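The values are calculated or read from the model by the stated rules, or taken from the named source; none is laboratory data. These numbers come from a predicted model, not from an experiment. Note: ideal-geometry Cβ built from the backbone for every residue, glycine included; neighbour counts use all protein chains shown. Heads up: the accessible areas ignore ligands, DNA and RNA and are worked out on the full protein's heavy atoms, side chains in. Shrake-Rupley method; radii C 1.70, N 1.55, O 1.52, S 1.80 Å.
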Amino acid sequence: MKILESSYEVMITSQEIQKKVIYLADLINEDYKDKNPILVCNLKGAFIFLSDFCRCLTIPHEVDFMSTSSYKKGMETSGIVRIVKDLKTNIIGRNVLIIEDIVDTGLTLNYIKKFLALHNPLSIRVVSLLNKKDRRKIEVDVDYIGFEIPDKFIIGYGLDYEEKYRGLKYIAELIDIKNMDK
Ligand code: IMP
């Protein structure tokens with residue numbers, strides 16, 4: 001499947017993203033002083049955000065990765081979430097910061113939070129670069145949000161459409177699905 005390059009339109013520029021990453025990291029630098037948080041990155045979408053974000057942190061922190069699958073096909077998630085890769089770190093008594101690219105229906109984040117809570121961390125909070133509030137199917141707290149965005153399918157800065165476009169420096173809206181060549 002191929003999408004013509006003209007099928008997307010920039011929604012958030014690289015400069016806007018970088019400014020927001022610094023803003024979010026500064027909040028965490030303040031709120032997590034002396035807390036040595038563990039940043040839990042949910043692959044794959046959040047990997048670029050995590051790498052920029054953690055380089056703006058000035059406080060001690062650790063990083064670990066997990067991966068969930070929601071049986072996604074194209075732009076829709078099935079709502080059935082499962083853990084594909086678990087953490088290596090023992091998070092008992094730790095301050096966990098879940099690093100998300102986007103919260104959409106909220107089903108993935110809700111599942112991850114419940115899963116991590118079973119391991120008895122001291123606290124769990126969430127940093128998400130993007131939030132699509134209008135699409136929520138379940139109520140879930142997102143403590144630090146970069147951008148509120150409308151109900152549009154977006155790509156870039158880690159986010160994909162069928163595994164493409166993750167490397168874009170900006171975030172763009174996929175606008176012309178009809179332009180797809182099968
Ligand atoms: P949720 O479970 O519906 O909140 O969705 C979680 C995951 O769906 C995110 O971590 C993304 O990987 C993916 N996702 C949601 N919206 C978009 C989008 O607009 N573009 C690309 N991926 C998305």
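Pick from L43, L122, L130: which residue has the top mean-square fluctuation in a GNM of the chain where Cα pairs under 10 Å get a spring?
Maximum fluctuation in the GNM of the chain, among the listed residues, is at L122.
Using a Förster radius of 41 Å, what is the FRET efficiency between R136 and D176 based on their Cβ-Cβ separation? Nearest 0.05, please. Display every interim value, and only then the final one.
Details: r = 26 Å, r/R0 = 0.65.
That pair, R136 with D176, gives E of 0.95.
Of all accessible surface on the stretch 85-182 at a 1.4 Å probe, what whole percent is carbon and sulfur? Don't jump to the answer; show the numbers that get you there.
Working: 2440 of 4910 Å².
The value for the stretch 85-182 is 50 percent carbon and sulfur by accessible area.
Report the Rg/Rh value for the chain, based on alpha-carbon coordinates and the Kirkwood definition of Rh.
Working: Rg = 16.3 Å, Rh = 16.9 Å.
Here the Rg-to-Rh quotient is 0.97.
So what J values fall out for the stretch 140-156 if you push phi through Karplus, 6.51 cos²θ - 1.76 cosθ + 1.60 with θ = phi - 60°, rounded to Hz, Gly and Pro as x?
Per-residue couplings from phi come out as 8, 6, 10, 7, 10, 10, x, 10, 8, 10, x, 6, 10, 8, 10, 9, x Hz.
Only bridges with both residues in the chain count here: give the DSSP antiparallel percent, nearest 5. Intermediate results must be reported in sequence, preceding the final value.
Numbers: 13 of 35 bridges.
So the antiparallel bridges in the chain amount to around 35 percent.
DSSP beta bridges in the stretch 44-146, what fraction antiparallel, as a percent rounded to 5?
30 percent
Going by amide H atoms built from the backbone, whose H comes under 5 Å of the H on E100, apart from near neighbours?
V127, S128, L129
Return the long-range amide H neighbours of D143 (sequence gap of 5 or more, or a different chain), with a cut-off of under 5 Å between placed amide H atoms.
V126
Could you work out the equivalent-ellipsoid semi-axes for the stretch 77-126, taking the square root of 5 times each eigenvalue of the Cα gyration tensor, largest first, in whole Å? Don't skip to the answer; put the middle values down first.
Values: eigenvalues 80, 29, 17 Å².
One finds semi-axes of 20, 12, 9 Å for the stretch 77-126.
Quick one: 3J(HN,Hα) in Hz for the stretch 45-51, Karplus 6.51/-1.76/1.60 with θ = phi - 60°, rounded, Gly and Pro as x.
Result, rounded to whole Hz: x, 8, 5, 6, 4, 4, 5.
Where the centroid of each part is defined by its Cα atoms, how far is the stretch 102-118 from the stretch 10-35 in Å?
21 Å
So who's got an amide H within less than 5 Å of the one on L43, skipping anything under 5 residues away but keeping other chains? H placed 1.01 Å off N, in plane.
M66, S67, T68
Whole number in Å², please: accessible area per residue of the chain, 1.4 Å probe, ligands, DNA and RNA not counted.
Per-residue accessible area for the chain comes out at 53 Å².
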